[in-house]
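Have a look at the structure below before the remarks.
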Amino acid sequence: MTNPLLSDWTGPFALPPFDAIEDAHFAPAFEAALSEGRAAIKAIAENPEAPSFANTIEALELAGETLDKVAGVFFNLAGADSNPAREALSRDLAPKLSAYSSEITSNAALWARIADLWARKDELGLTPEQARVLMLYHRMFVRAGAALDKAQSERMAALKARLASLGTQFTQNLLADERDWVMPLDDLSGLPDFVVDSARAAARERGLEGHVVTLNRSVIVPFLQYSTRRDLREKAYEAWVARGANGGKTDNRAIAAETLALRHERAALLGYENFAAFKLEPEMARTPQTVRDLLMRVWAPARKAAEQDAAAMEAMLHADGHTGPLEPWDWRYYAERRRKALHDFDEAALKPYLSLEAMIEAAFDVANRLFGLEFAPLDVPLYHPDARAWEVTRQGRHMAVFIGDYFARPSKRSGAWMSTFRDQRKLNGEVRPIVVNTCNFAKGEPALLSWDDARTLFHEFGHALHGILSDVTYGFISGTSVARDFVELPSQLFEHWLEVPEVIETHCRHWKTGEAMPRDLRDKLKSAATWDQGFATVEFVASALVDLEFHDGPPPADPMQKQAEVLERIGMPHAIRMRHATPHFAHVFAGDGYSSGYYSYMWSEVMDADAFAAFEEKGDAFDPETAARLERFILSAGNSEEAETLYLSFRGAMPGVDALLRGRGLVEA
């Protein structure tokens, strides 16, 4: 029987044939793809012809096409719609795929060809893009250990395989803790209708009667904001922050410790003082101290603001008849009450104007006005009934397929992310991307978003545009394949358009009546724009500093003790905890993508405030000339040049941190 993963995909836009793919197809497809890839690598390495860019680098670009197809489908499904079979295969694949990667980067003959090209780079007549791709391949091989001796190379391969397995297990443990915990809710005191609806939908999703609170952010955060039951808030909050630290087989603390030790050894093999020095070298920040300087510059005013807010809310707590200090499970409840008292702003009053459908349409409309993109719904088979697809075109030209998978479900890992089933490239024929945004919004009739949810939707769609508008020759540098502390610029920049008055006026309409958001509500929204930024900044910066300290020095034997020491040293407020404590810090431990790099969101925020100012200086949030420059130098350019070079081409100068502090309301008047 033909394996649909290995056949030519001849359906619309060469989408994966989701309706024909079964879990049993994945393992044999991976085996076939790996065999095909090994044969292709062997042919490149043993090519009797002298090394050339075409027969080495371009050949490498095309060597893994089948594996890219199979892995693109599997890992998107494993994250968005997991099941026991997919979890088992993920555990099996982690060391196998790592070993395959190590085989490539430790192939002496292949490395000799790349090193030869690098030594002759100025004589090869390369285009600027080709020169960049050659540099990145050379750097990737060096950082993977291609220049190590045999014993070191074998140890490096073993380290990477073990780290891959640990990251997979960390992810699956976290998913299990999030999936398995529910709190039946008999007392709905204080909960507005949208929270009640979400709790009912969460129960129904799990085949339960009544209402439940789950550990999904879109369910638990509103519960913590509105429930008058302090005991239930405490129970839910403590379960939320205990993910990955409940003992038993899903406990992630030992995994974190082993991961940090192995990362340190990996960096040492390559001659680096520690993992942070290794990891940050190719990023915009370059060094751990540069990262630390940014975070500490922000920490002091953020902590001061948070402490002032905490004092005011503790007084409210005591006025309610409670004794003792303000606790973490109190913060959101009293912050919401205080916001209503000071700004007459109520999140519950806002949500009817933020239906999911309207916010999707708003994101599409902004993309149309900025970049001329048009979105037409597609009736095609997808991997889950909740997923939806659109064809993206510009002036009649096919640009991409965009998939939106917006709702929380027990089989989906937490968070929100952009990924691809296929990346853009031009080598060997034009290939347009298949881009997916995955979110965890609560279901409802209709689905109504919080302002934070709406920002998340715009954030992930900013990432999607980075993939959709990509216009490079080589898939290796396509779309979001950029420095980690640059990749968040397009996403965080796109969030700004949610706050543009004409976007609010056009799209933020009452889901039932169609009426525009009242001006007084818009004014309250604006006046409360920097509300609780002390809290938000403190919980983020604390997480980023712990991540940095984990990797900038010897690995801690007990990461939880190290975490506590860092938080004590910086003076973490009692009533705030890290946004991501170590046992559920998936950014850092599910893989090494954001390890030593959680600061990246803040680094990019320094740029995004300045980048949007380019439009404000023109007096038009949709200025065509500025939008064209944004597309040319940022959104279409991928990793074709250094991130700083691209930003300077767009803006002319690098910004300072002051714009970030102003944007968060952390600069005193």
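So which residues in the range 426-438 are of a type outside the set (Val, Ile, Thr) and in contact with a Ser or Thr (Cβ under 6 Å, 6 or more places away or on another chain)?
Lys426, Leu427, Pro433
Looking only at the range 218-271, which residues are among the hydrophobic types (A, V, I, L, M, F, W, C), within 21 Å of Ala158 (Cα to Cα) and in contact with a helix residue (DSSP H, G or I) (Cβ under 7 Å, 6 or more places away or on another chain)?
If the condition is that a residue be among the hydrophobic types (A, V, I, L, M, F, W, C), within 21 Å of Ala158 (Cα to Cα) and in contact with a helix residue (DSSP H, G or I) (Cβ under 7 Å, 6 or more places away or on another chain), then Ile255, Ala256, Ala257, Leu260, Leu262, Ala267, Leu269, Leu270 are the ones that fit.
For the range 59-176, which helices (runs of 4 or more DSSP H) that fit wholly inside it have 1 or more residues that are within 22 Å of Gly37 (Cα to Cα), open to solvent by less than 40 Å² (accessible area, probe 1.4 Å) and of a type in the set (S, T, N, Q)?
Correct list: 65-80, 84-105.
For the range 281-291, how many residues are touching a Leu at 6+ places or on another chain (Cβ under 9 Å) and surrounded by 19 or more Cβ atoms within 10 Å (Cβ to Cβ)?
Matching residues across the range 281-291 total 3.
For the range 497-559, please list each of the helices (runs of 4 or more DSSP H) lying entirely inside it that holds at least 3 residues being of a type in the set (Val, Ile, Thr) and farther than 20 Å from Asp293 by Cβ.
By residue number, 501-507.
List pairs: first in the range 307-336 and part of a helix (DSSP H, G or I), second of a type in the set (S, T, N, Q), Cβ under 9 Å, 6+ apart or cross-chain?
Leu317/Thr323; Arg332/Gln225; Tyr333/Gln225; Tyr333/Ser227; Tyr333/Thr228; Ala335/Gln225; Glu336/Gln225
Please enumerate the residues belonging to the range 195-236 that are of a type in the set (Ser, Thr, Tyr), modelled with pLDDT of 95 or more and open to solvent by 10 Å² or more (accessible area, probe 1.4 Å).
Result: Tyr226, Thr228.
Please state which one of Ala147, Ala99, Ala94, Ala88 is under 25 Å from the mean Cα position of the chain (by Cα) and in contact (Cβ under 8 Å) with a residue 24 or more places away in the chain.
From the options Ala147, Ala99, Ala94, Ala88, the qualifying one is Ala94.
Specify which of the listed residues (Arg243, Arg266) is in a helix (DSSP H, G or I) and either modelled with pLDDT of 95 or more or open to solvent by 40 Å² or more (accessible area, probe 1.4 Å) (or both).
After ruling out the rest, the residue left standing is Arg266.
Yes/no matrix, rows are residues, columns are (1) within 17 Å of Thr171 (Cα to Cα); (2) among the basic types (Lys, Arg); (3) crowded, with 18+ Cβ neighbours inside 10 Å; (4) free of Cβ contacts under 8 Å to residues at least 60 places away in the same chain:
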residue	(1), (2), (3), (4)
Leu545	no, no, yes, no
Asp558	no, no, no, no
Glu565	no, no, no, yes
His574	no, no, no, no
Ala581	yes, no, yes, no
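Residues of the range 211-228 being under 24 Å from the mean Cα position of the chain (by Cα) and not hydrophobic (A, V, I, L, M, F, W, C), which ones?
Answer for the range 211-228, where residues must be under 24 Å from the mean Cα position of the chain (by Cα) and not hydrophobic (A, V, I, L, M, F, W, C): Thr214, Asn216, Arg217, Ser218, Pro222.
Considering Leu498, Leu465, Leu457, Leu469, which residue is farther than 24 Å from Leu648 by Cα, buried (at least 23 other Cβ atoms within 10 Å of the Cβ) and hydrophobic (A, V, I, L, M, F, W, C)?
The conditions single out Leu457.
For the range 429-454, name all the residues that are aromatic (Phe, Trp, Tyr) and open to solvent by 20 Å² or more (accessible area, probe 1.4 Å).
Within the range 429-454, just Trp451 meets the criteria.
I want to confirm something. Restricting to the range 364-423 and keeping residues that are crowded, with 16+ Cβ neighbours inside 10 Å and of a type in the set (Val, Ile, Thr), which single residue is nearest to Thr438 (Cα to Cα)?
Ile403
Would you pick out the residues in the range 310-358 that are open to solvent by less than 30 Å² (accessible area, probe 1.4 Å) and of a type in the set (Asp, Glu)?
Asp330, Glu336, Glu347
Of the residues Phe540, Phe550, only one is touching a residue at least 24 places away in the same chain (Cβ under 8 Å), within 20 Å of Arg266 (Cβ to Cβ), open to solvent by less than 40 Å² (accessible area, probe 1.4 Å) and within 26 Å of the chain's Cα centre (by Cα); which?
Among Phe540, Phe550, only Phe550 is touching a residue at least 24 places away in the same chain (Cβ under 8 Å), within 20 Å of Arg266 (Cβ to Cβ), open to solvent by less than 40 Å² (accessible area, probe 1.4 Å) and within 26 Å of the chain's Cα centre (by Cα).
The values are calculated or read from the model by the stated rules, or taken from the named source; none is laboratory data. From a predicted model like this one, the values you see are computed outputs, not experimental measurements. Positions of Cβ are generated from backbone atoms using ideal geometry, with glycine treated the same way; all protein chains shown enter the neighbour counts. When the accessible area is computed, the model is the full protein with side chains, heavy atoms only, and any ligands, DNA or RNA have been set aside. Shrake-Rupley method; radii C 1.70, N 1.55, O 1.52, S 1.80 Å.
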